[in-house]
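Data first, discussion second: the structure below is written as structure tokens.
The values are calculated or read from the model by the stated rules, or taken from the named source; none is laboratory data. On a predicted model such as this, the values are computed, not experimentally measured, just so you know. Virtual Cβ from ideal backbone geometry, glycine too; neighbours counted across all protein chains shown.
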Amino acid sequence: MKNFKMVCLDIDGTLLNSQHEITDKVKNTIKVIANEKKIPVILVSARMPKGITFLQKILEIQEPIICYSGALILDKDNNVLANEFIDASKLEEVYKLVDEYNIHMSVYKDDEWYIKEMDYWAKQETEITNITPNIVDFEDLIQLWKADGTGPNKILCMANPNEISLLKESINSDGLNIYPSKPTYLEIMPNRTSKTSAINCLQKKLIVQQEEIIAIGDNYNDIDMLKYAGLGIAMGNAPDEVKKCANCVTLTNDEDGVAEALKKVFTQINLV
């Protein structure tokens, strides 16, 4: 068996079940790996820091986190290791489109979430994440960021699937990484970053080799890290395209797939 020294876990659809919860079985398995075996368990997500750190507390782990699919990396003491953003002029282009199509847009920078109004989509996202957004005038915010030479780490557009498909085709993708994380969600990140680039940054700090990494994920933005890791594991609920890119497939997120996968790799784990 390979001597694995780092576990990289996606959150939504992977660590969390369909009720957005960590089951006891998954939590106990991760606690054994992180605290008894002393193997870093890194949470890797498109979420903002606030949407990740409370999960670390539930899991009782203290490790760096990868936010916004790699655009923001924080060490365990909340120091910034990497911070990439979308230029404010690109944000302005996207905003004009979503305004024309009447599509919801959420904008994320550092550890803040900005919206135009508390609509259906914002309420839904608030219920999922337990995070309250800032209501702002996007035109003012864009001009402020233009003046500062900065921009958001992530843009999230939410609408019905047909509108999301239309928006995806309409956006000029230069400098952007654009993908649907679900039929109603379109995620937009800087194209300079990926989950793999962030993992590579951390593995150098933790002195871990590529072949010593386990990555577990369920969606299209996990493909690069599944291919990169020494062992890439797709969730049973992942699309077929994602499963084809992994070394193996575990059970679904509603069947404790993360726990089952890690137990098979670390066969000595005994759960209470």
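Summed over region 234-259, residues that are of a type in the set (A, V, I, L, M), without any contact (Cβ under 8 Å) to a residue 40 or more places away in the chain and farther than 15 Å from ALA215 by Cβ total 1. Scanning region 94-116 for residues that are outside any helix (DSSP H, G or I) and hydroxyl-bearing (Ser, Thr, Tyr) gives SER106, TYR108, TYR114. I need the full set of residues from region 66-89 which are in a strand (DSSP E or B) and surrounded by fewer than 24 Cβ atoms within 10 Å (Cβ to Cβ), in order please. Residues satisfying the conditions are LEU74, VAL80, LEU81, ALA82, ASN83.
The condition (being among the charged types (D, E, K, R), within 23 Å of PRO183 (Cβ to Cβ), out of contact with any Gly (no Cβ under 8 Å at 6 or more places or on another chain) and surrounded by fewer than 19 Cβ atoms within 10 Å (Cβ to Cβ)) is satisfied by just one residue among GLU241, GLU255: GLU241. With the condition kept exactly as written, say whether any residue in region 76-89 is without any contact (Cβ under 8 Å) to a residue 40 or more places away in the chain, in contact with a helix residue (DSSP H, G or I) (Cβ under 7 Å, 6 or more places away or on another chain) and farther than 30 Å from GLU117 by Cβ. No: zero hits. Here LEU202 fulfils each of the conditions (1) surrounded by fewer than 21 Cβ atoms within 10 Å (Cβ to Cβ); (2) closer than 16 Å to GLY70 by Cα; (3) in the same structural domain as GLU63 (by TED's automatic domain parsing); (4) aliphatic (A, V, I, L, M) apart from (1).
Quick one: in region 151-185, of everything that is buried (at least 16 other Cβ atoms within 10 Å of the Cβ) and polar (S, T, N, Q), which residue is nearest to ILE103 (Cα to Cα)? The qualifying residue nearest to ILE103 (Cα to Cα) is THR184. In summary, ASN130 fulfils each of the numbered conditions (1) under 28 Å from CYS8 (Cβ atoms); (2) free of Cβ contacts under 8 Å to residues at least 12 places away in the same chain; (3) loosely packed, with under 15 Cβ neighbours inside 10 Å with the single exception of condition (2). The requirement of being among the β-branched types (Val, Ile, Thr) and surrounded by 22 or more Cβ atoms within 10 Å (Cβ to Cβ) is fulfilled somewhere in region 226-234, by at least one residue.
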